[in-house]
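**Student:** Supplied in structure tokens, the structure appears directly below.
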Amino acid sequence: MKLCIRVWVSAVCLLGLLFSVNPVAAATTNEIETVFNWAENNFPELFPEHRTTQMIDPWAFRFYPSTGIYTGIKNDEVYVLGGPWGTDSPTFIATLPGLLSQIQGTGGNGSVPACDSTAELPQGMVITQNGNIVNITTNGQCITLPDSSENTNFCEPPAPPQPTGISVLSTVNITSFQTTGITIDLPGFPNPLDTFAQDSSSCIINAQEDADNLVVNSDICFDVTNQLASLPSVPGISVNPPVTVSTVSSSTSQRVSDCFATAASFITDAYTGETWVNVNGSFVPSTDLGAGF
């Protein structure tokens, strides 16, 4: 009976949220995701688990079953419904531009200060930060990697407004790497997948002050079946979908005097965007290596 009442109340809340006003929402997807992720990370007692954003014109909203709360955005205005705000009508919280300004003033995208943006994460991936520790997870699920994901660094450091003179070396330690659905047996040649299981390091020039001593823990799994769909038949390579790649790793960062004096695999200038790749012990600008870099 209690479950039926809860479902009925939730349905009433949703109807109230959807049909109170009807102007078309003007917010972009990035702005919407930024606000909702920020709310989840900063008010877990109200929005306790990561939920997928739903779109029913004119609303973009998320519903949290454990608290019975909706949060929604419509016409550049942010509302909540349910929980301490009651279910009579949506409660106005702030304008979207005003809330975004507040979020950006607290560190980048607001939800994860260590990351430049988490608004375009693949569905099912969650990034949180507590102090100097960032956790990236797919919560034990193998999520589909979008075909457009050219860059799989989902926590790029934010660009500083001016040069900082701070150089930070990050070392990634792989504790687990597993693949399913693909077998590579090329006699006389190393398995190319083994390179992904090796520890690596990178260095950032003009890093933000709080990038020093940052720890990034990652436990993610991707379904890359779509990416391998066009793979031609090659002797020694057997594909049996679904093809998944799972990695557990931890990255630690420390300040260094000169990135070019390290053994990093590559160097990035967070202020200018320039990158260099370690080629046989020498750092070569990526622009000299072609589009692949």
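The values are calculated or read from the model by the stated rules, or taken from the named source; none is laboratory data. Keep in mind that this is a model prediction, so the values were computed, not measured. Neighbour counts are summed over all protein chains in view; Cβ atoms, including those assigned to glycine, are modelled from backbone coordinates with ideal geometry.
A quick yes/no check of all residues on (1) under 30 Å from THR272 (Cβ atoms); (2) outside any loop (DSSP other than H, G, I, E, B); (3) in contact (Cβ under 8 Å) with a residue 12 or more places away in the chain:
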residue	(1), (2), (3)
ILE136	yes, yes, yes
ASN139	no, yes, yes
PHE154	yes, no, yes
PRO157	yes, no, yes
PRO161	yes, no, no
THR175	no, yes, yes
GLN254	yes, yes, yes
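**Student:** Being of a type in the set (Ser, Thr, Tyr), in contact with a helix residue (DSSP H, G or I) (Cβ under 9 Å, 6 or more places away or on another chain) and either more than 30 Å from PRO163 (Cα to Cα) or surrounded by 12 or more Cβ atoms within 10 Å (Cβ to Cβ) (or both) narrows it down to one of SER238, SER253, so name that one.
**Tutor:** SER253
**Student:** Take the residues of the range 263-293 that are assigned to a loop (DSSP other than H, G, I, E, B) and hydrophobic (A, V, I, L, M, F, W, C): which is surrounded by the fewest Cβ atoms within 10 Å (Cβ to Cβ)?
**Tutor:** As a first pass, look at the range 263-293 and keep what is assigned to a loop (DSSP other than H, G, I, E, B): 263-265, 270-274, 280-281, 289-293.
Checking which are hydrophobic (A, V, I, L, M, F, W, C) leaves us with 263-264, 270, 289, 291, 293.
Numbers: ALA263: 10, ALA264: 22, ALA270: 22, LEU289: 13, ALA291: 6, PHE293: 13.
Only one residue tops the list, namely ALA291.
**Student:** Moving to a separate point now. Would you check which residues across the range 226-252 are among the polar types (S, T, N, Q) and assigned to a strand (DSSP E or B) and list them?
**Tutor:** Of everything in the range 226-252, those that are among the polar types (S, T, N, Q) and assigned to a strand (DSSP E or B) turn out to be SER238, ASN240, THR244, SER246, THR247, SER249, SER250, SER251, THR252.
**Student:** Do the conditions hold for PHE260, that is, is it surrounded by 18 or more Cβ atoms within 10 Å (Cβ to Cβ) and either part of a helix (DSSP H, G or I) or in contact (Cβ under 8 Å) with a residue 12 or more places away in the chain (or both)?
**Tutor:** Considered against the rule, which asks whether it is surrounded by 18 or more Cβ atoms within 10 Å (Cβ to Cβ) and either part of a helix (DSSP H, G or I) or in contact (Cβ under 8 Å) with a residue 12 or more places away in the chain (or both), PHE260 comes out as no.
**Student:** Within the range 16-54, work out how many residues are modelled with pLDDT under 75, over 16 Å from the mean Cα position of the chain (by Cα) and surrounded by 12 or more Cβ atoms within 10 Å (Cβ to Cβ).
**Tutor:** Total satisfying the criteria: 8.
This table checks each residue for (1) surrounded by 13 or more Cβ atoms within 10 Å (Cβ to Cβ); (2) at pLDDT 90 or above.
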site	(1), (2)
THR67	yes, yes
GLU77	yes, yes
GLY83	yes, yes
PHE92	no, yes
GLY98	yes, no
